[in-house]
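The values are calculated or read from the model by the stated rules, or taken from the named source; none is laboratory data. In this text, all values refer to a predicted model and were calculated from it rather than measured experimentally. Every residue, glycine among them, receives a Cβ derived from its backbone with ideal geometry; neighbour counts consider all protein chains shown. When the accessible area is computed, the model is the full protein with side chains, heavy atoms only, and any ligands, DNA or RNA have been set aside. Shrake-Rupley method; radii C 1.70, N 1.55, O 1.52, S 1.80 Å.
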Amino acid sequence: MVEQLPQQGEWLALLTLGGPVVLVLLFMSVVALAVSLFKFLQLSPYSKRSLDKLDDAITQWCQGDGNAPAIVQANKSPLSGMVGEGMTWIADAKIDRAAIEAELTRKAQRVLERLSSLLGVLEQVAYLAPLLGLLGTVLGIIDVFHGLAEQGATADSGALAGGIWEALLTTAVGLCVAIPFAVLHSGFQGRVDTVRSRTEDMLTRLFTADLYRGSQGGDA
């Protein structure tokens, strides 16, 4: 027979047994969940499909296609404005190339800084949650053995087992909080790294477009 899940009152009892450490872990999990939802929405526009479309537009621009800037502007990626400005500025021979490169680099850095923001919160939650859980367990075991020491020879082994079980609860909660947010942090960080490398590649191709223009069958 399948064992029933704890009822609402039993969950509250577990929280009470865990003490303040469990409450801190629950608060950390709520904050980390809110950050995760925000990062998911923030990174959604930087999909592989939108980045590929920008890459294709840059390839066409490198080959001399005059419609490429319009294709870039129609793209829904947040990077499209920066890429479109780069195409316009580079096409204007009166504007200094060094100044264009500096400005586009600055814009790209601002975008990447925004994408990297708050990832440290998830990293710290994934790092601190197991330590807090272990701290709660150690404090609980200290309390258990202190009680047994006061009981002396009349100490009950059942009370010892029950006390250790309660103390281990905080470690379990800490691991349950840390593991999913460690996975989420890794996924978000990997996505930011992908956007960074693709953005650097796009900017480089904008400034090296002259190498490909006029070549027959050149692959940008």
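The table that follows gives values for the structure above.
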read-out: Gly152 vs. criteria at pLDDT below 95 and surrounded by 16 or more Cβ atoms within 10 Å (Cβ to Cβ); value: no
read-out: Residue in the range 43-64 that is open to solvent by 50 Å² or more (accessible area, probe 1.4 Å) and of a type in the set (Val, Ile, Thr) present; value: no
read-out: Wholly enclosed helices (runs of 4 or more DSSP H) of the range 32-129 bearing at least 1 residues basic (Lys, Arg), within 21 Å of Tyr212 (Cα to Cα) and at pLDDT 90 or above; value: 48-62
read-out: Residue that is farthest from the chain's Cα centre (by Cα) [pool: residues in the range 49-66 that are without any contact (Cβ under 8 Å) to a residue 40 or more places away in the chain and under 19 Å from Gly190 (Cβ atoms)]; value: Asp52
read-out: Scope the range 178-219; condition at pLDDT below 95, open to solvent by less than 40 Å² (accessible area, probe 1.4 Å) and either of a type in the set (Phe, Trp, Tyr) or farther than 24 Å from Arg106 by Cβ (or both); matching residues; value: Gly218
read-out: Failed item, numbered, when Ile141 is tested on (1) loosely packed, with under 14 Cβ neighbours inside 10 Å; (2) part of a helix (DSSP H, G or I); (3) at pLDDT below 90; value: (1)
